[in-house]
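Enquirer: Here you go, one structure.
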Amino acid sequence: MATWLVRRLAASIAIVFAVVTITFFVIHAAPGSPFLPAESQHLTPETLRRLSTEFGLDRSLPEQYLLFLRNVVRGNLGQSFALRRPVADALADAIPNTFTLALAALIIDFALGLALGIYQAVRAGRVGDVVSGNGALLVNSMPVFWLGLVLLLVFGQWLRWAPVGGLSNPVLCPRLDSPACGLDFLWHLTLPALTLGLVGAASTARYQRAAMLEVIRQDFVRTARAKGLRERRVLLVHALRNALLPVITLFGLAFPFLFTGAVLVETVFAWPGMGRLAVNAIFQRDYPVVTGAALLTSAMVVLGNLIADVLYAVADPRIRVRSETA
Amino acid sequence: MTEPLLRVRDLKTYFVTEHGSGTARAVDGVTFDVLPGETLGIVGESGCGKTVTSLSILRLIPEPPGHILPGSFIEFEGRNLLTLDPRELRAIRGNRIAMIFQEPMTSLNPVFTVGDQIAEAAIVHHQVSRRAARSRAIEMLRLVGIPDPDERVDHYPHQMSGGMRQRVMIAMALVCRPQLLIADEPTTALDVTIQAQILELIDRLQAELGMAVLLITHDLGIVAGSADRVVVMYAGQVVEQAPTATLFARPLHPYTEGLLASVPRLDAPPARARGRLRSIPGQVPAATAWPEGCRFHPRCPYAWDRCRAEEPPLLDAGGEPGTHAVRCWLLTDPRRRTPHP
Amino acid sequence: MNVGNWLALGGAAIVALAAVAALRRRITATASGRRFFRHPTAVPGLFVLAFFVTIAIAAPVVAPYPPYFQIDITNPDLPPSTQFLLGTDPYSRDVWSRLVYGARVSLGIGAVAMLVAATIGTAVGAVAGYFRRWVDTALMRLVDVGLAMPRIFVLLMAVALWEHIALWVLVLLIGLTGWFGTSRLVRAEVLSLRERDFVVAARAAGAGSVLLEAGLSFLGLGVPPPAPSWGNMIADGWHKMTVAWWASTFPGLAISLVVMAFNALGDALRDALDPRRAGEEGGEGGGAA
Ligand SMILES: Nc1ncnc2c1ncn2[C@@H]1O[C@H](COP(=O)(O)OP(=O)(O)O)[C@@H](O)[C@H]1O
Ligand SMILES: [Mg+2]
């Protein structure tokens, strides 16, 4: 297990390294000098000097590459032209918001998706399965930002059940410093998280249903019934434990979906996260922010896959035991 | 005469197949008894409905596509299993009647230890504590001849060989001391040497625990060594039924003859033993299209007009009353027992 | 909408139905063809796609106005009526007409991107699976890197770097970033190349590309406005959603329908090609946006 983990970890680091390298060359493909575009008049001469030494802008390309690597490792992602502050600082402000949104969406995604998928598999072919199955297929096919717009229109504008955007009420709760403001924050979180979570749940449900159906027709499920177990125990213990294994893979796949979706959903709901930061940066041609966000997102995706692999190994005795003895 | 433990009457289990090909009459009017403590063999080629028969007894047929027709009757210890509510049925499954399956490689749950899987039935049916159930599991593993049971109890199925897993299946089936064990081709998936060991084990445990065994196989050779009585199935029906010795000495149905001829026999004259085994020409038809008349007639060397037109009933073949029955028109016209050219 | 448009619309529906019927006659000769049409979502899915393809081709007769035509700029945001089937947008353009012309852009992007992704993905996967050893290792590490970078960020970087991306470059980029998953599937199965995995992969690439285009256009970074892509239409109507919900709602519905039809067809095709595994592997569809 330990060797496997080390090898897996090394592979992940290698991938992130490759992404960093690609990012470096993308920055260099940009018109003008990488950190000194036309907009650099925004920067003070002092900042320019600092950037120049930090990123070695006057040195050769290989040297610049090494400096870039060193800076990335140290968490220095360069300077945002538009925001006039280091990219890392801007990202650090936005990340918690994106994480909260992604986490809430992930919970909705899996809680709803697993429950629905199990329900559909148990009722396979009956009305409940067909109706919810086609519903899931439809939601799964919706552009996530459009679903956000529709939910916003219906629940935010027409019914006025939910706020129309932002992190919290700017007048009453400019910062999260009281329990009431905590609730206000959750209230603002509901619609964006639901938007992202619903689309994810539709896909998770389809996956879970298929996995469950695949397991239900296996011999050991019949064995469990022949033992005299309750149908609930047969399905929710014997079948589900096996059907959750492929879903762990889905957990890894959820990360790219969540971060991609976050870019769009944050824009719809004016949610000040990493995605919105990146999108705004593009319009200002502030590409150190864009590449920084891309880099960070890729790292998250790789981390998500790593977590999924480890979970899988822990959950499946066939892998766990083999790698222990190996 | 002793009361039968299990009484199956006119069992019909059909499957509605998807689109076009019609209804599969997998089991079509099967009748037999199992007496307490005896071993009844059910024999027939693959596709004759043996598995469906055994699954029907515990109502493990997947519904849909399958269903047991009204008019069927399965009585166990005086109760009709087909009318029990789910709770009563569960109290019998794994407790009074247990089952082991053909495929030891896939019949155990891969994500639970064998100990947990054996203990589960004891916990569910006998309300014993987890610790007591665990020691019962260890005891059962020892009983079925698994070395180092204290250690093996925590192993997962994939860490065991096929023969070991079948022993685990037997341990799991017997942990509640059932009155009836249904063994559906318990050795088909195993090596020949392991086969003999498993059959011996079942025999030994049957003697120790005093249970009845319904031993299902496609191999008459297996039945010869273990069963007291034999039911021969073909095309969803019982075609012959007799005490084992009678069946081997005086097989009356041409299908039984054919099956017997394809068993390598140690007591047969050397010339025949060395020669190629005779087997029955053709194969079992699809359950959606059983032939008209006698279902065996297209493969039967003796078939004549009547066999093609009329379906024979189960006829008494003499001997001790009610012991030997055959579904064949030859019984009414024995002179025809000479094969066509 | 004038009488001619209505007739054309009805004609498009009939043509779509006829196309489905003709296809059905053609391919029910084979067992897998019959299985395909037995799938409950096969016919509706085919019909939806055929219908949108037909109106895209016949856009000039189905649409009452040219896609850029501003009817009366002093009086925008008219609700759906018999004259403006789906209403008019904040720039006083007929939503139905733009939707019809938008089908050309959106379906075209989906088709081309799917073709590019499927071709490259299959080629790379086959090469990796066939040569094995270091070729395989190198290509699959490349795929790992490709899968690690969310497509939308790759495209955002590209857009950030080259100010005005031409439409064909965008389509190519969407295709070029969509083949990683395909190649992995194809490689896994290359020794026993099975059609069904190709179907799964192609569907994911196609549906994903349509959604990705919509997302980018919505952000204002995709198809350059005022071209009538469905993503652009949602973006155009977005800020006046409260007064004119129709301008953004209908194009979103069109995307959902087309992607759903795509997914449904993919399901049916996959099950038809491998009946034993019917109903497996759910949602690869919504992964991209
Ligand atoms: N789930 C099912 N669906 C449709 N037909 C089935 C199903 N299970 C069994 N059958 C049919 O029932 C017949 C008997 O099968 P089975 O009892 O497994 O035979 P055996 O165990 O004697 O080899 C076969 O022809 C098979 O096609
Ligand atoms: Mg069988």
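Enquirer: Checking B:Thr51 against (1) among the hydroxyl-bearing types (Ser, Thr, Tyr); (2) away from ligand 2 (no atom under 16 Å from the Cβ); (3) closer than 18 Å to B:Leu180 by Cβ, only one condition comes out false. Which one?
Expert: If we test B:Thr51 against (1) among the hydroxyl-bearing types (Ser, Thr, Tyr); (2) away from ligand 2 (no atom under 16 Å from the Cβ); (3) closer than 18 Å to B:Leu180 by Cβ, just (2) comes out false.
Enquirer: Can you name every residue in the range B:56-71 that is within 14 Å of ligand 2 (Cβ to nearest atom) and touching a Lys or Arg at 6+ places or on another chain (Cβ under 8 Å)?
Expert: B:Leu60
Enquirer: If you don't mind, there's one more thing I want to ask. Could you tell me which of the residues A:Thr291, A:Thr260, A:Thr267 is within 11 Å of chain C (Cβ to nearest Cβ), of a type in the set (S, T, N, Q), free of Cβ contacts under 8 Å to residues at least 40 places away in the same chain and under 27 Å from A:Thr23 (Cβ atoms)?
Expert: A:Thr260
Enquirer: Same structure, new question: For the range A:132-155, enumerate the residues that are assigned to a helix (DSSP H, G or I) and at the interface with chain C (Cβ under 7 Å from one of its Cβ atoms).
Expert: A:Leu137, A:Leu138, A:Asn140, A:Ser141, A:Val144, A:Phe145, A:Trp146, A:Leu149, A:Val150, A:Leu153
Enquirer: Out of B:Pro186, B:Pro157, which single residue is within 16 Å of ligand 2 (Cβ to nearest atom) and within 14 Å of another protein chain (Cβ to nearest Cβ)?
Expert: Within the list B:Pro186, B:Pro157, the selection yields B:Pro186.
Enquirer: If you don't mind, another one. When both residues are 6+ apart or on different chains and their Cβ atoms are under 9 Å apart, which pairs have a first residue that lies in the range B:33-46 and is in contact (Cβ under 8 Å) with a residue 60 or more places away in the chain, and a second that is within 16 Å of ligand 1 (Cβ to nearest atom) and among the small types (Gly, Ala, Ser)?
Expert: B:Ile42/B:Ser54; B:Gly44/B:Ala235
Enquirer: On the given criteria, is C:Met157 in a helix (DSSP H, G or I), over 25 Å from A:Val265 (Cα atoms) and hydrophobic (A, V, I, L, M, F, W, C)?
Expert: No.
Per-residue answers, yes or no, for (1) modelled with pLDDT under 75; (2) over 13 Å from the mean Cα position of the chain (by Cα); (3) not aromatic (Phe, Trp, Tyr):
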| site | (1), (2), (3) |
| --- | --- |
| C:Phe180 | no, yes, no |
| C:Val190 | yes, yes, yes |
| C:Ala204 | yes, no, yes |
| C:Ala207 | no, no, yes |
| C:Leu219 | no, yes, yes |
| C:Pro251 | no, no, yes |
| C:Phe262 | no, no, no |
| C:Ala272 | no, yes, yes |
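Enquirer: In this structure, is C:Leu211 surrounded by 24 or more Cβ atoms within 10 Å (Cβ to Cβ), within 16 Å of the chain's Cα centre (by Cα), at pLDDT 80 or above and closer than 22 Å to C:Gly108 by Cα?
Expert: yes
Enquirer: Please state which one of C:Ala117, C:Ala148, C:Ala113, C:Ala138 is modelled with pLDDT of 80 or more and surrounded by fewer than 21 Cβ atoms within 10 Å (Cβ to Cβ).
Expert: C:Ala138
Enquirer: Let me confirm something: among C:Phe37, C:Phe52, which residue is modelled with pLDDT under 85 and among the aromatic types (Phe, Trp, Tyr)?
Expert: It is C:Phe37.
Enquirer: Exactly one of these conditions fails for B:Ser107: (1) in contact with a Lys or Arg (Cβ under 8 Å, 6 or more places away or on another chain); (2) within 16 Å of ligand 2 (Cβ to nearest atom); (3) over 30 Å from B:Asp10 (Cβ atoms). Give me its number.
Expert: (3)
Enquirer: Enumerate the pairs (first residue in the range C:253-266 and within 28 Å of C:Gly33 (Cβ to Cβ) and more than 7 Å from chain A (Cβ to nearest Cβ); second residue anywhere and part of a helix (DSSP H, G or I) and small (Gly, Ala, Ser)) with beta-carbon separation below 7 Å, excluding pairs fewer than 6 apart on the same chain, so at least 6 apart or on different chains.
Expert: That search, which allows pairs on different chains as well, returns C:Ala261/C:Gly45; C:Phe262/C:Gly206; C:Phe262/C:Ala207; C:Leu265/C:Ala42; C:Leu265/C:Gly45.
Enquirer: With respect to A:Arg123, determine if the residue is charged (D, E, K, R), surrounded by fewer than 23 Cβ atoms within 10 Å (Cβ to Cβ) and either more than 12 Å from chain C (Cβ to nearest Cβ) or within 30 Å of A:Met212 (Cα to Cα) (or both).
Expert: yes
Enquirer: Quick one: which helices (runs of 4 or more DSSP H) sit completely within the range B:20-136 and have at least 1 residues that are away from chain A (no Cβ under 14 Å), crowded, with 17+ Cβ neighbours inside 10 Å and within 16 Å of ligand 1 (Cβ to nearest atom)?
Expert: B:50-57
Enquirer: Considering B:Ala98, B:Ala119, which residue is away from ligand 2 (no atom under 16 Å from the Cβ), within 25 Å of the chain's Cα centre (by Cα) and closer than 24 Å to B:Arg165 by Cα?
Expert: When all the criteria are applied, what remains is B:Ala98.
Enquirer: If you don't mind, there's one more thing I want to ask. So C:Gly110 clears everything in (1) within 13 Å of chain A (Cβ to nearest Cβ); (2) in a helix (DSSP H, G or I); (3) more than 18 Å from the chain's Cα centre (by Cα) except one condition, right? Which one?
Expert: (3)
Enquirer: Would you check which residues across the range C:130-154 are closer than 17 Å to C:Glu213 by Cα and more than 10 Å from chain A (Cβ to nearest Cβ) and list them?
Expert: None; the set is empty.
Enquirer: Scanning for something over 19 Å from B:Gly145 (Cα atoms), of a type in the set (S, T, N, Q) and within 16 Å of ligand 1 (Cβ to nearest atom), does the range B:177-186 turn up at least one residue?
Expert: Looking through the range B:177-186, none of the residues is over 19 Å from B:Gly145 (Cα atoms), of a type in the set (S, T, N, Q) and within 16 Å of ligand 1 (Cβ to nearest atom).
The values are calculated or read from the model by the stated rules, or taken from the named source; none is laboratory data. Remember, it's a predicted structure, so these values are computed and weren't measured experimentally. Note: ideal-geometry Cβ built from the backbone for every residue, glycine included; neighbour counts use all protein chains shown.
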